[in-house]
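Here is the structure we will look at.
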Amino acid sequence: MKKWLFWTIIGIIVISGLVTFFWPEETICPELEKLNCTKGFSIITNPKTGCKSYICLEDQIAGCKRDDGNWTSFSDGCGDKCNIEICGLIGIDSCDCGPDNCWDGNSCVSL
């Protein structure tokens, strides 16, 4: 009886570990809150959680200037953004963070 109980407990621990490994907990993102932006807004995605949030354009420009960046127009949809895989053909306004830095939608970060 004791061996059966021991191996049953070990089996449950192993199975629960596999379930956690293959089916990690789902991240629950907060609902997007409404902002009172005067110049428009962007939706940014947190790369760690995948959660989306609004950020006002005026806050983006202030963050760019705070990090010694230059808010400018880019000829493609990438700009100086971090983690861009596919660029659009339409130009965007974004922060140019300079060499060895990129814009994460809120601040300049080191590459």
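Derivation of every value follows stated rules applied to the coordinates shown; laboratory data play no part. Being a predicted model, the structure only gives us computed values, none of them experimental. Reconstructed Cβ throughout: ideal geometry from the backbone, glycine too, with neighbour counts over all protein chains shown.
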With each pseudo-label sitting 7 Å past Cα toward Cβ, what's the ILE84-ASN46 distance in nm, one decimal? 2.4 nm
Determine the principal axes of the Cα atoms in the stretch 41-110, then give the extent along each, sorted from largest to smallest and rounded to whole angstroms. 28, 27, 24
HN-Hα couplings for the stretch 74-91 via Karplus (6.51, -1.76, 1.60; θ = phi - 60°), in whole Hz with x for Gly/Pro, come out as 10, 7, 10, x, 8, x, 10, 6, 7, 6, 9, 9, 10, 9, x, 8, 8, x
Tabulate in residue order the Karplus-calculated ³J(HN,Hα) for the stretch 52-65, using 6.51 cos²θ - 1.76 cosθ + 1.60 with θ = phi - 60°, rounded to whole Hz; enter x for Gly and Pro. 9, 8, 7, 9, 5, 4, 5, 6, 5, 5, 5, x, 4, 5
